[in-house]
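*Asks:* So that we are looking at the same thing, I have put the structure below in structure tokens.
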Amino acid sequence: MSAFSEGKGTVLYMTGVVITGGMVVLACAAPWIAPYDPALQLVGKPLSAPSAEHLLGTDKFGRDVLSRVLHGGRLTLLFTALALLGIVAAGTVLGALAAAAGRSVDRLATNIIDLLVAFPAVIVALAFAGIYGPSLGVVLTGVMLVMWAPFARLSRSLVRQALASRSAQTALALGANRGLLLRREAWPRLRGPILVLAAVEAGQLITVVAGLSFLGLGAQPPSPEWGAMLQEGRAALWSAPHLVLGPGFAVLVTVLGLTCLGEGLRDRLEVAG
Amino acid sequence: MLVHGFTSLLSLVLAASVLVFALIRSAPGDPVDIEFGASGASTFLTPEEDTRSREVRRAELGLDKSVAEQYVIWLGRVVSGDFGKSFRTGESVLSEIADRLPASIGLGFSAMGLLLLMSALTAWLAVRKPDGPMDHVLRVLSIAAAAVPTFLTATLGLRWAAEAAGYPIAGEATASRLWLPAVVMAVSGVPTMARVLRASVLEQGAMTYAAAAKARGAKPRTVLLRHTLRPSLAPVMTLAGLTTATLMGGAVITEVVFSWPGVGAYAVEAIGAQDYPVIQAYVIVMVLMAIIVNRSVDVGQRLLDPRTYRKLKGTA
């Protein structure tokens, strides 16, 4: 292996680690580094543009936008991480089950998974918000019900490959137990690609949920959550565009970091596709 | 192939209809209680009369039947296009959706067309010089573009266009208003699409059948179009299917920001008013569109690259 191929993806990967890690650190440290209390009104003149005193300006209640973006990151990143954990676990397990199950179950599962992969999560979340009322929890549930599918598809195809491999067939013939086989043969093949997909999908998850909150269907003001802040900012788009720019760029930078992380990992692990 | 395609299509539609029905049935609150108000609230009915009138209404709506029967009745109504009347306007939901669908479809097709056109041009520029720096540029661009959320491009684009070019913020679905939302929806998908197209063309160009065709003395044009471009469109088809899903989702945000009179903006309005019949119709239309796209991609791939079909048959 040449020096070049060893270093392949390192730049991308490190960029991803630095950006994503940076956002997480900023969010965790928010109570100590935020210049103002995020809920305190009239710390500055309402709707004032970015200045030395308020780096990202203030909103219509005179709250400091930078402090709110920093605190908002806590909520946004925390629920993204929890939702991601849920869909990764559910998708991986269901995909593996489909691969290990009989032909007709597998075919049905494949059909459902294929349709869900091609179905816009935004629309399911929209329907959920319509039926159960707009809230962050409802929207997240809707999104999660669709977004497990890419993990299931990946897990299904990799587990199938693993079970069809010569070593797995030999082990089966020798009477190996299926659970052990999944752990020994399938899991090592699964780990890397699932991690890559998780990084990319985490970015998608943040974008989709922020977009829905922006429409007023997800997190509700006054909570300092990026999507909810965007929704408040949309109302003042003409007089104070910085209200959209602050949380908007927070979303952009986080998703950029996660995508770099995913793509960089893909190169490092030499995952195809 | 056709028969299998049809049964799987049918089972998909049925599965989707059960899910939609379950979603709608799971709405909090009893429809009759919502209509009649809390029990005992009536001032001119005795409690017994109140209960009886509720039961009559329940029977009228078919809510006293078993869930399975209710599903069949519901499916019959949906298939015949009867989505009921909007709670807000009292108009037939079907006709309201039909009024707004052309604007959405027009925007969707324009965005997709623009996306494919821009991607093809970019890929063409990149393919002319293989192993050039274009691959890296496209990759970086595709990562960056994937990170830019639609609501940001849409709001900033709108603000910029309104100030710099006098773009009308609100109004009818006219061609002079169409271009901006279409560009906003298309632009983020271009680098990824161009990258896939470029890689696919290079891969197919290196295939033995392309070389064989060239050796047979086929015209370079034929080699490019039939032996390289045609099979290389198969992965593009897959991506186009996935991109359509993204576009359908992004369309909701874009339509709202640009006050575009399509079904997405209509659905968002309906949610604010808890207009259940409209939400239900919107979900059904979207599910149908997703199924149509999904199947078209399947069929398209088989037409473009016959090996896909054989591969599918081999593993199924």
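*Asks:* Compute the Cα gyration tensor for chain A, then decide on rounded, prolate or oblate, letting a ≥ b ≥ c be the square roots of its eigenvalues: rounded whenever a/c is under 1.5, prolate when a/b is larger than b/c in the other cases, and oblate in all that remain. Write down the numbers at each step before the final one.
*Replies:* Working: a/c = 3.17, a/b = 1.87, b/c = 1.70.
Prolate is the answer for chain A, as a/c is 1.5 or above and a/b outweighs b/c.
*Asks:* Name the most mobile residue of A:Val196, A:Val122, A:Val18, meaning the one with the largest mean-square fluctuation, in a Gaussian network model of chain A with Cα contacts below 10 Å.
*Replies:* In the Gaussian network model the winner is A:Val18.
*Asks:* Provide the net charge surrounding A:Ala240, with neighbours chosen by a C-beta distance below 13 Å and charges set as Lys +1, Arg +1, Asp -1, Glu -1.
*Replies:* Working: positive: A:Lys45, A:Lys60, A:Arg63, A:Arg234, B:Arg159; negative: A:Asp59, A:Glu232.
Counting the neighbours of A:Ala240, the net charge comes to +3.
*Asks:* A further question follows. If packing is taken as the mean number of other Cβ atoms within 10 Å per residue, what is the order of B:175-181, B:263-269, A:160-166, B:138-144, highest first?
*Replies:* Details: B:175-181: 16.6, B:263-269: 23.7, A:160-166: 14.9, B:138-144: 18.3.
Ranking the peptides B:175-181, B:263-269, A:160-166, B:138-144 by packing returns B:263-269, B:138-144, B:175-181, A:160-166.
*Asks:* Could you state the accessible area per residue of region A:1-116 in Å², with a 1.4 Å probe and every protein chain left in place? Intermediate results must be reported in sequence, preceding the final value.
*Replies:* Working: 6270 Å² over 116 residues.
On a per-residue basis, 54 Å².
*Asks:* Once a ≥ b ≥ c are taken as the square roots of the eigenvalues of the Cα gyration tensor of chain B, is the result rounded (a/c under 1.5), prolate (a/b larger than b/c) or oblate (a/b not larger than b/c)? Write down the numbers at each step before the final one.
*Replies:* Details: a/c = 3.51, a/b = 1.77, b/c = 1.98.
Cα axes put chain B in the oblate bin.
*Asks:* Could you work out the mean count of beta carbons from other protein chains within 10 Å of each residue's beta carbon in A:232-240? Let's see the in-between values first.
*Replies:* Values: counts 0, 2, 5, 0, 0, 7, 5, 0, 0.
The shielding value for this peptide is 2.
*Asks:* Given a 1.4 Å probe and every protein chain left where it sits, what share in percent of the accessible area of the protein assembly as shown is carbon and sulfur?
*Replies:* Numbers: 19320 of 28690 Å².
Carbon with sulfur: 67 percent of the solvent-accessible area.
*Asks:* When a/c reaches 1.5 or more, the comparison of a/b and b/c decides; with that in mind, is region A:24-106 rounded, prolate or oblate per its Cα gyration tensor? Mind showing how you got there, number by number?
*Replies:* Numbers: a/c = 5.40, a/b = 3.80, b/c = 1.42.
Prolate.
*Asks:* Could you state the angle between the C-alpha long axis of helix B:93-127 and the longest principal axis of the C-alpha atoms of chain B, as a value from 0 to 90 degrees rounded to the nearest 10?
*Replies:* Once rounded, the angle reads 20 degrees.
*Asks:* Would you kindly derive the ³J(HN,Hα) couplings of region A:34-41 from the backbone phi angles with the Karplus curve 6.51 cos²θ - 1.76 cosθ + 1.60 (θ = phi - 60°), listing them in order in whole Hz, with x for Gly and Pro?
*Replies:* Result, ordered by residue: 5, x, 9, 6, x, 9, 6, 8 Hz.
*Asks:* Note down the net charge around B:Leu156, summing +1 for each Lys or Arg and -1 for each Asp or Glu among other residues with Cβ under 12 Å from its Cβ.
*Replies:* Details: positive: A:Arg234, B:Arg159; negative: B:Glu163.
Neighbour charge sum, excluding B:Leu156 itself: +1.
*Asks:* Also: Between chains B and A, what is the buried accessible area summed over both chains (1.4 Å probe, protein heavy atoms, nearest 100 Å²)?
*Replies:* Details: alone 18700 and 14060 Å², together 28690 Å².
For B against A, buried area totals roughly 4100 Å².
*Asks:* Also, I was wondering about something else. For chain A, with a Gaussian network of springs between Cα atoms less than 10 Å apart, report the residue from A:Leu245, A:Leu78, A:Leu181 with the top mean-square fluctuation.
*Replies:* With Cα springs under 10 Å in chain A, the top fluctuation among A:Leu245, A:Leu78, A:Leu181 is at A:Leu181.
*Asks:* Residue by residue through A:197-205, how many Cβ atoms from other chains fall within 10 Å of the Cβ on average?
*Replies:* Working: counts 0, 0, 0, 2, 0, 0, 4, 2, 0.
Average per residue, whole number: 1.
*Asks:* Counting helices only, and only those DSSP H runs with n ≥ 4, report the 222 nm mean residue ellipticity of the protein assembly as shown as the sum of -39,500 (n - 2.57) divided by its residues, in deg cm²/dmol to the nearest 500. Numbers along the way, then the final one.
*Replies:* Values: 27 runs with 431 residues, N = 589.
Rounded to the nearest 500, it is -24500 deg cm²/dmol.
*Asks:* Ok, one more. Hey, can you find the accessible area per residue of region B:102-315 for me, probe 1.4 Å, expressed in square angstrom? All intermediate terms of the calculation are to be shown ahead of the outcome.
*Replies:* On the way: 9980 Å² over 214 residues.
Counting only protein heavy atoms, the per-residue value for region B:102-315 is 47 Å².
*Asks:* I've got another one for you. Averaged over B:13-26, how many beta carbons belonging to a partner chain fall within 10 Å of each residue's beta carbon?
*Replies:* On the way: counts 0, 0, 4, 3, 0, 0, 3, 1, 0, 0, 8, 3, 1, 3.
Per residue, the average neighbour count from other chains is 2.
*Asks:* Go through B:68-75, B:96-103 and give me the packing order, highest mean Cβ count within 10 Å leading. Numbers along the way, then the final one.
*Replies:* Working: B:68-75: 13.8, B:96-103: 17.2.
Descending mean neighbour count gives B:96-103, B:68-75.
*Asks:* With a sphere of radius 15 Å drawn around the Cβ of B:Ile292, what net charge do the other residues whose Cβ falls strictly inside it have (Lys, Arg +1; Asp, Glu -1)?
*Replies:* Net charge around B:Ile292: -1.
The values are calculated or read from the model by the stated rules, or taken from the named source; none is laboratory data. Since the model is a prediction, treat every value here as computed from it, not as a measurement. A quick note on method: Cβ atoms are made from the backbone with ideal geometry, for glycine too, and the neighbour counts reach across all protein chains shown. For accessibility, only protein heavy atoms count, side chains too; no ligands or nucleic acids. Shrake-Rupley method; radii C 1.70, N 1.55, O 1.52, S 1.80 Å.
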